[in-house]
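Take a look at the structure set out below.
Nothing in this text is a laboratory measurement; each read-out follows from the coordinates by a stated rule. Quantities reported herein were computed from a predicted structural model and do not represent experimental measurements. Glycine gets a Cβ as well: all are built from the backbone with ideal geometry, and neighbour counts include every protein chain shown.
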């Protein structure tokens, strides 16, 4: 059955690729289409983890660490002998100093080796020697009492912190709502994973999640809440640590104090978060060994019983001992939502990606756990890492097996599945129905593809393209019929489906944007800007028409005005426009805000297309007025002359640009009205109720 499912899936995919390839040839031509084939076929390896930093094992010489007299974070390092480990830890921090202002407090718990003689010679370290050995808990609590920073960071001396570790811990406390305790990803010296947060069972025993696994495994590579975090590398607000009474002395001298702290943080209404970007090598067992039958390690069994008694009520909600932790278990108390799209979203490239990423943000903010799988199973580099830092469980090969096998393993845990674009949904819909029968299937059209293709065929006067559009219509309506709910981005498209698919449940979830604000005033802005990726044929047609037919008319009236063309995947024909006077073809621009806040007018000269235009939302969210065609503003709740200027022929489009460019009062009116339009119809807040209804209601 597995081989049959694989074969069926691959057959559907091959037919879909062939159909889309033929359409691409008709619309883009063979050169651009071949470039897309090469791009899709290119192997993109998983982003390799940087080589682990290891400080040189040279004899001790005095050195300095760039600590701060006004620290934000206080790094407390308890030590008891093992000076060479402490030296390696401090050298690692000195070699890669954090950006956040910090101090280091080394608490010597009665060492008898070179610790007392050498550590005072390390400039920047606050060295404190206890009168007698009291154990890990006493040393940490002493260090906390000496701290000057608002954030306490407890770090074992047998660790080698990797570059960026402290900034990631502190940044998580800043960025995550209600974060109370943040812990690092712990690695063995050979690079294998030691712990990606911990799982606690009902009897008080624990499980180092991810132990001995690959650090690249998607299960252990995203920000998430954890039952506990090893005290080898954790950060907590100093005020919260004091409120909880520090590490609980009932567990003295050591073991289970960090687990109990995590439960105390949750009881105080705060979150316990694992941060994979904070990487720390930990030589486990250096101080206390690994034999739980002797030495300090023997306290582990005793303290488990004390912990189980102390946290009895909270432990009743934990999984039973012997359960093998998995993502389904780790997120057992959350609604789990699977999202499948063709590629990993790139929000700095296209508005569809902005919409999808903001939808993920909303779902996470509502308490759901989001899992993302790209149909191509590729690691998207920094874009995949960005999803992981949002708390999204993002999968990729080789860890993500082919769809039939992956869904057979993971399908039972999902409450809802979002399938994006008809050609992706066509492939995955039968598999999701089979392996996740309990899940609500939501089909996201992104835009109605058959509508866009029909309009392209009409503009080109191409009967073959029209026939292809009819085939797309059949495929897209088939996916709509097989889904529980269909999402469109405008009321115009919902009305079309009321006619074409009258039995379907259709909801509007439009573009989702954050309001950036008004930007610079009229007098400080200049020039024109277009934003749009050129994988999308309507954008290529729009810029070509504007440059050839409209812009020369504008320059007759405004000879100094410049046109800035921004977008990824520039085609040769668009690139050639940059040779013309006044036209600047920038390609992809990582930071687009200077153009949104500094250009006077945005243009949207689209002659065909479908859906809601993110380029218009983006400009209006920055208070930048827009001149657009009727096609571009379709379904966007915009009124000509009130919050946008609309024109469809070259002469009228040029006249509207000149009018707006020279009229400060009209410009300010459109700027304010555009901001209000985005806030009312296209902001995250405006979509919250719809998202809750679609994904989060039982």
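Extending 7 Å from the Cα toward the beta-carbon at both residue 405 and residue 685 defines two label points whose distance is 4.8 nm. Counting only alpha carbon atoms, the long axis of helix 30-41 and the longest principal axis of the chain meet at about 20°.
Sort 256, 450 by Cβ crowding within 10 Å, fewest neighbours at the top.
450, 256
Note on residue 474/residue 697: beta-carbon distance plugged into 1/(1 + (r/R0)^6) with R0 of 30 Å gives a FRET efficiency of 0.40. Rounded to the nearest 500, the 222 nm mean residue ellipticity of the chain from helices alone is -12000 deg cm²/dmol, with -39,500 (n - 2.57) taken per DSSP H run of at least 4 residues. Taking all Cα pairs closer than 8 Å and separated by 6 or more residues, the relative contact order of the chain comes to 10 percent. Separation of the range 529-560 from the range 645-676 is 16 Å, based on Cα centroids.
What is the range 49-101 by shape, rounded, prolate or oblate, if you read a ≥ b ≥ c off the alpha carbon gyration tensor as root eigenvalues and call it rounded for a/c under 1.5, prolate for a/b larger than b/c, and oblate otherwise?
Numbers: a/c = 1.70, a/b = 1.25, b/c = 1.36.
Note, shape of the range 49-101 comes out oblate.
Assuming R0 = 51 Å, can you tell me the calculated FRET efficiency for the pair residue 129 and residue 328, based on Cβ-Cβ distance, to the nearest 0.05? Can you show the working numbers first?
On the way: r = 49 Å, r/R0 = 0.95.
So the FRET efficiency works out to roughly 0.55.
Going by a ≥ b ≥ c, the root eigenvalues of the Cα gyration tensor, does the range 522-682 fall in the rounded group (a/c under 1.5), the prolate group (a/b larger than b/c) or the oblate group? The shape class here is rounded. Placing a pseudo-label 7 Å from each Cα along the Cα-to-Cβ vector at residue 648 and residue 58 gives an inter-label distance of 7.5 nm.
Give me the percent relative contact order of the range 73-329, please, defined on Cα pairs under 8 angstrom at least 6 residues apart. Write down the numbers at each step before the final one.
Numbers: 545 pairs, mean separation 58.0, N = 257.
It rounds to 23 percent for the range 73-329.
Rounded to the nearest 10 degrees, the inclination of helix 299-310 to the longest alpha-carbon principal axis of the chain is 60 degrees. List the residues of the range 145-165 whose backbone N lies under 20 Å from a point placed 7 Å from the Cα of residue 239 along the Cα-to-Cβ direction. Under 20 Å, as judged by backbone N against the label point of residue 239, lie 145-154 of the range 145-165. A compact globular protein would have a Cα radius of gyration near 2.2 N^0.38 Å; the ratio found for the chain is 1.10.
Can you give the extra length, in nm with one decimal, that the chain gains between residue 321 and residue 666 once fully stretched, where that is 0.36 nm per residue apart less the Cα-Cα distance?
Working: separation 345, 0.36 × 345 = 124.20 nm, distance 6.84 nm.
Fully extending the segment from residue 321 to residue 666 adds 117.4 nm.
Between the Cα long axis of helix 83-95 and the first principal axis of the chain there is an angle of about 30°, rounded to the nearest 10.
At a Förster distance of 56 Å, what's the computed FRET efficiency of residue 498 paired with residue 212, Cβ-Cβ distance as r, to 0.05? Walk me through the intermediate numbers first.
Values: r = 55 Å, r/R0 = 0.99.
It comes to 0.50.
Once you sort the root eigenvalues of the Cα gyration tensor of the range 565-648 as a ≥ b ≥ c, which label holds: rounded (a/c under 1.5), prolate (a/b larger than b/c) or oblate (the other case)? List each step's numbers first, then the result.
Working: a/c = 1.86, a/b = 1.47, b/c = 1.27.
Verdict is prolate for the range 565-648.
Note on residue 267 and residue 580: the model spin-label points, each 7 Å out from Cα along the C-beta direction, lie 7.1 nm apart.
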